[in-house]
Amino acid sequence: MKLVRSTRMLVLHEFRRYVRVPVMTEVGIVMADGGRITATSQEISSGGMSLKGHHVPELASLVEVSFSLLTLPRVWVRGNVTWKKPNKSFGVRFDSTDDRRHRLKEWIVAYLEA
């Protein structure tokens with residue numbers, strides 16, 4: 001019981017770190033070498049997104065994703081590929097120094113409050 005109490009806040013913090021919004025939209029991806037692919041989003045948060053596509057970038061690839069969400073005009077955000085699965089899904093973590101992700105964070109907060 002002591003162990004559970006001591007780790008409870010850590011677990012809650014990680015669970016709530018980034019709210020994931022299940023939303024499907026077309027995502028354009030520009031690779032560091034200039035190559036372009038298209039994927040579909042599965043979940044989006046202010047920290048990153050999970051995607052599914054026919055072509056999956058390599059792990060740790062630097063990318064720039066662009067997408068639109070309902071009331072949010074097209075957004076471009078830098079990131080890197082942090083995971084991929086055999087079913088052609090993969091995750092992009094947004095670059096924390098890219099200020100353009102703040103627009104996405106504001107949209108998520110507004111979406112959750114509505």
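The values are calculated or read from the model by the stated rules, or taken from the named source; none is laboratory data. Bear in mind that the values here come from a model prediction, so they are computed numbers and not experimental data. Note that we place each Cβ from the backbone using ideal geometry, even for glycine, and neighbour counts take in every protein chain shown.
Data table
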{"read-out": "Test: residue in the stretch 94-107 that is hydrophobic (A, V, I, L, M, F, W, C), under 15 Å from residue 29 (Cα atoms) and surrounded by 12 or more Cβ atoms within 10 Å (Cβ to Cβ)", "value": "yes"}
{"read-out": "Subset of the stretch 68-96 [over 24 Å from residue 56 (Cα atoms) and not aliphatic (A, V, I, L, M)]", "value": "71, 73"}
{"read-out": "Of the criteria (1) closer than 18 Å to residue 52 by Cβ; (2) of a type outside the set (A, V, I, L, M); (3) free of Cβ contacts under 8 Å to residues at least 40 places away in the same chain, which one residue 90 fails", "value": "(3)"}
{"read-out": "Conditions (1) among the hydroxyl-bearing types (Ser, Thr, Tyr); (2) out of contact with any Phe, Trp or Tyr (no Cβ under 8 Å at 6 or more places or on another chain); (3) at pLDDT below 95; number of the one not met by residue 71", "value": "(2)"}
{"read-out": "Close pairs from the stretch 100-114: first within 11 Å of residue 72 (Cα to Cα) and free of Cβ contacts under 8 Å to residues at least 12 places away in the same chain, partner surrounded by 15 or more Cβ atoms within 10 Å (Cβ to Cβ) and of a type in the set (D, E, K, R), Cβ under 9 Å, at least 6 apart", "value": "none"}
